[in-house]
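The values are calculated or read from the model by the stated rules, or taken from the named source; none is laboratory data. What you see is a predicted model, and the numbers here were worked out from it, not measured in a lab. All Cβ positions, even for glycine, are placed from backbone atoms using ideal geometry, and neighbour counts span all protein chains on display. To get the accessible areas, we keep the full protein, side chains included, count just its heavy atoms, and leave off ligands, DNA and RNA. Shrake-Rupley method; radii C 1.70, N 1.55, O 1.52, S 1.80 Å.
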Amino acid sequence: MPESETVLSALADGVLRLTLNRPDKLNAFNEEMHLALRAGFERAHEDRSVRAVLLTGAGRGFSAGQDLGDRDPRKGGAAPDLGHTIETFYNPLVRLIRSLEKPVVCAVNGVAAGAGANIAFTCDITLAARSARFIQAFAKIGLVPDSGGTWSLPRLLGEARAKALALTAEPLDAETAANWGLIWKAVDDATLLDEAGALATRLAAGPTMGLGLTKRAIQAAATNSLDQQLDLERDLQRQAGRSGDYAEGVTAFLEKRKPEFKGQ
Ligand code: T3D
């Protein structure tokens, strides 16, 4: 696929930084941006030199969700098949992020609405600028929260808060989102990118396989019984224990030095 300006992509120190880049539309998703973002996460899956991903947005917004200009009913014709666009674009993106066995840090630099908010909640560690707001905007236009929102909101917040956010579309400020456990933390606007970048760089220098297996285990807990989870921990620990990074971690501890993980 040709390079697209709608998602800026840069690899440094093992961190693939993906920046949503339609700032005049608050980084709303059109098909081109979907395909470019998907290509970025596919690269993160395939490229061994990528050991963490940092997702953020250009301009004053993180993402306003679906580009509604592409859904203008005044243009006439049959109603769009939104199930098709969910199946074709949003669901594969959520699955790519969840199945990537490398840490995904999200830096929410401004408003995150609709699918934009729920994609931020899909990432592994989400930081937000104190000025950012999260809006389940779907209720304002007669839609249902997507991109995993109806799955993650009740799990992270419980039904009462999930329903209130989804049914009212009231904005939630970053500080409250952090206090409620929806994101990792709210930070000063001026330091967001530095903090998120430093975190992603630290994770990229970590034991990639162990971190990836940890992500898999925590995600599996949502549907596993304790017995199933204990078995899974046994199996994953067996796998992690055979990694070069585990040997390096223990050796470095015994030699009282910093480990140099290779991500293997
Ligand atoms: O369709 C499918 O495939 C199904 C999938 C759906 C997934 C979804 O995400 S549905 C939800 C779609 N998103 C929304 O409903 C949010 C719409 N936007 C807003 O409510 C507001 O823009 C915000 C609350 C996010 C921010 O408000 P504010 O006042 O800070 O900014 P603004 O002035 O409204 O927006 C700035 C510009 O961005 C403006 O353009 P202009 O007038 O300067 O030329 C605005 O039209 C544009 N913009 C913002 N959101 C979208 C958008 N353009 C297209 N689509 C948008 N979603």
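Could you list, in sequence order, the residues of the range 101-116 that are in contact with a helix residue (DSSP H, G or I) (Cβ under 7 Å, 6 or more places away or on another chain) and either within 8 Å of the ligand (Cβ to nearest atom) or open to solvent by less than 10 Å² (accessible area, probe 1.4 Å) (or both)?
Passing the criteria: Val104, Val105, Cys106, Ala107, Val108, Ala112, Ala113, Gly114, Ala115.
Please enumerate the residues belonging to the range 29-61 that are within 12 Å of the ligand (Cβ to nearest atom), surrounded by 18 or more Cβ atoms within 10 Å (Cβ to Cβ) and free of Cβ contacts under 8 Å to residues at least 60 places away in the same chain.
Met33, His34, Gly57, Gly61
If a residue must be open to solvent by 50 Å² or more (accessible area, probe 1.4 Å) and either under 27 Å from the mean Cα position of the chain (by Cα) or under 23 Å from Thr201 (Cα atoms) (or both), how many such residues does the range 248-260 contain?
8
Of these, Ser131, Ser152, Ser147, which one is among the hydroxyl-bearing types (Ser, Thr, Tyr), touching a residue at least 24 places away in the same chain (Cβ under 8 Å) and open to solvent by 20 Å² or more (accessible area, probe 1.4 Å)?
Ser131
Of all residues in the range 197-247, which are among the basic types (Lys, Arg) and not in a helix (DSSP H, G or I)?
Arg242
For the range 172-194, does any single residue satisfy the condition of being open to solvent by less than 20 Å² (accessible area, probe 1.4 Å), among the β-branched types (Val, Ile, Thr) and more than 14 Å from the ligand (Cβ to nearest atom)?
For the range 172-194, residues open to solvent by less than 20 Å² (accessible area, probe 1.4 Å), among the β-branched types (Val, Ile, Thr) and more than 14 Å from the ligand (Cβ to nearest atom): present.
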